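The values are calculated or read from the model by the stated rules, or taken from the named source; none is laboratory data. Computed from a predicted model, the values in this text were never measured in an experiment. Please note: Cβ atoms are built from the backbone with ideal geometry, for glycine as well, and neighbour counts cover all protein chains shown. Just so you know, the surface numbers come from the protein's heavy atoms only, side chains and all, with ligands and any DNA or RNA stripped out. Shrake-Rupley method; radii C 1.70, N 1.55, O 1.52, S 1.80 Å.
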Amino acid sequence: MTDILIKPPQDAPQDGQGAVEDVEAVDRPDNPLADWLTVPDAPILPAWARNWASVRANTGAFIKVGWWHGRYHGIRSPKYAVKVVGYSARGAFRGGRRLWPVLTAQDHTAGIKALRVQVKAKPDDVVLAAQAVVAHRERTEARRWRWGAALGLAAAAAVALNYASLGLQIAAGCIACGGLAAIGWSDEAHILDHGTPPLRIAMDAQQLNDALRATGLLKQGKGDEEGPKVNCVMGPLRDGNGWAVIFDLPKGGGKKAADVLAKRTEIAAELGVDEIQVIMSRVRASAGGNAGRVSMWVADDDPYLAPPNPSPLEQLDTFSIWDPIPFGQDARGNRVTLPIIWQSMFFGGLPRRGKTFSQRLLTAAGLLDAYVRHYVADFKGGQDWIQMRQVAHRLVLGAEEDAIGAFKAMLKELLAEMERRFSILRGLPTSICPEGKLTPEIVKRYNMPFILFTVDELQEAFLAVDDQERDEIINDMARIARRGPAAGFISNYASQRPDAKSVPTKLREIITIRYSTQVVDQTSSDMVLGKGKAAQGADASVLSEEHKGVGVLVTGPASFVTVKADMLETAAFNSMCAKGRLLREACGQLTGDAANDPSALAEASGITVSPVLSDCLSVMRHSVKMHTADLLARLENLDEDYGDWDAERLAKELEDTGVKRTTKQVNINGKNLAGYRREDLEAAMPTELLNAR
């Protein structure tokens, strides 16, 4: 037989003679120790005992089921007692019927009867008569000692119980009752009722196979036992508030893991749960998987309806943008974080589903890092982003003509800054800039803080411009998202209209991280998350109206998870804006609009400014003058409480704050109408603030 050898690679070390040494294989056929030396592939511990989380989950499930059954059967204990008494009575009757022939020595009766017959036939036979007499005497003696023994045992037991403790008497009674009940037992009898355990899903391999077979993922066989089945690599076993299983599809069926993910809704229906309760993913080769291996977790209930968790960022004083940002939790309660440097992000979904709140988590992390410079455009112009005026280097509010102009100027400024940075990076030695990217040292040494470029309600900007301007904006934003990350640009875009016009393909396809709250259908979901993602299982259309702050997060070509984002309310976000301003003032990083915004200066200085004056300055931040009608419209968009204001009330309120209009008419684009000049509003700011500026 030819020996099986393992040859070292050609570049392996050789011995002094230059010859490569042959190494004998452990599993060679003629090795008598092969069976002992071969390392087994099977794990030592069962699947449920391989980590503490699984042990705790299964132990908790066992205790939960045990406690439920204890209460269930405890309530029915009187019923069970009646049953036991009934079975004991039947057992006593059966036992007495079986014991009576023994006590009456019926085993002797047959012989006696036979002798009596013979004696009648031969009355003169003395021997037979004598035998009959002896047999009768033996039966009588047997009856006497058997009855005596029985009565003696009964008397002894009675005396013992009379002098025994109450506990022993009860125990003896229970034993006797149990023994009699066992005698009276029948195969059809049941003392305990069959209760249903509290878990909605008692998942097992058979249930899984039935579900996959019903959805066409497994071939039909002649019977359940003969049909093809999945190979459960792990489980099913309890994992948290649900069941976990990892399985391989059978070979020869022509199905792969991607086919299982695409049938999520159908599988959920067969398992009797909502599709939001079924979490499935492929197990890649890096985790020991293959193209046919699927990891599935089925929750006992909707895992996303619990109250949201407050964001950990709210309690921090500082944060480094180099670290992953706490974003939320998945269905199993695992923490989900987002590393955003060198990345770009897009948030989409229907209105009032928590899209903006989720997007703000990333901006909030940037607030706590003084070496993050913010460029923010909120085309809705409401209250969500207005306090960024305390921090933002550039802030655009609204989608009116002046705001669009300011946004286009912002894009040009960003592109110029990007090219400036690349020029500096190209000139740095590799000892300082080894990968052609920013480093913590470069950020501070060359004053190149990360730039977090945030755009909310992107669709409003596209609807406010013509096609040519729209294409220019798209090209600039795509260029920033494509080339900017290496220079420290982090794009953070959001839109509530996931269609081709609002989310252009040219821009969407270069975004690396995407997050979608509820949308109307799979097509809209793919618009946000990427083409074909719904077929892979990343489908935001399965979310319902109750899933506020819940979305599908895609972080790579085949990486996605449904996340319940952390809650960061507007008041907390505004407080973080003030905290971010103090951090930047301390290290000289307060620049741009934030350094000169009068309302922001007043808030930072603790100077009281009339709310109406501050709001008017905010909506006029891109205009030197504005007609009264337009000013009222923008105020209402900022805060709906201005909805019932008219020109007279606005004029009176502003006059009470000290606004003195140099002219009541302003000419804008040839229209001379009632209006206000921004310089008149700024002149009404408190004197100490004007001196500080």
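Data table
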| quantity | calculated |
| --- | --- |
| Extended-chain gain in nm, criterion 0.36 nm per residue less alpha-carbon gap, GLU655 and LYS412 | 83.7 nm |
| 222 nm mean residue ellipticity, helices alone, for the chain (DSSP H n ≥ 4; -39,500 (n - 2.57); rounded to 500) | -14000 deg cm²/dmol |
| Accessible-area composition of the chain, carbon plus sulfur, in percent [1.4 Å probe] | 55 percent |
| Neighbour net charge for GLU655 - beta-carbon separation under 13 angstrom, K R +1, D E -1 | +1 |
| Expected-Rg normalisation [2.2 N^0.38 Å, Cα atoms] applied to the range 501-595 | 1.42 |
| Alpha-carbon Rg with Dmax, taken over the chain, Å | 42.1, 159 |
| With all protein chains modelled, accessible area of ASP630 [1.4 Å, Å²] | 80 Å² |
| The range 343-498 - Rg (one decimal) and Dmax (whole number), Cα, Å | 15.8, 49 |
| The range 387-520 - accessible surface per residue (Å², probe 1.4 Å) | 38 Å² |
| Proximal charge balance of ARG677 [Cβ under 11 Å; K/R count +1, D/E count -1] | +2 |
| Cubic angstrom per residue, convex hull over Cα atoms of the range 560-690 | 175 Å³ |
| Neighbour cut-off at most 15 other Cβ (10 Å), DSSP loop, GluC sites (Glu not before Pro), the range 516-624 | GLU545, GLU546, GLU569 |
| Cα gyration tensor shape for the range 255-394, rounded if a/c is under 1.5, else prolate or oblate | prolate |
| PHE560, PHE346, PHE93, ranked by accessible area, largest first (probe 1.4 Å) | PHE93, PHE560, PHE346 |
| Cβ-derived FRET efficiency at R0 35 Å, ALA285 paired with TRP322, nearest 0.05 | 0.70 |
| Globularity index of the range 338-384, i.e. its alpha-carbon radius of gyration over 2.2 N^0.38 Å | 1.24 |
| Rounded accessible area per residue of the range 538-646, 1.4 Å, Å² | 40 Å² |
| Area accessible to solvent at LEU463, 1.4 Å probe radius, in Å² | 90 Å² |
| Degrees between helix 628-638 axis and first principal axis of the chain (Cα, 0 to 90, nearest 10) | 20 degrees |
| Spacing of the two label points (7 Å from each Cα toward its C-beta) at GLU441 and HIS194, in nm | 7.3 nm |
| Efficiency of FRET from Cβ geometry, ASP644 and ASP680, R₀ 25 Å, rounded to 0.05 | 0.55 |
| Ranked by how many other beta carbons lie within 10 Å on average, peptides 647-654, 159-166, 213-220 from highest | 213-220, 647-654, 159-166 |
| Inter-part distance where the range 617-693 and the range 411-449 are each reduced to a Cα centre, Å | 41 Å |
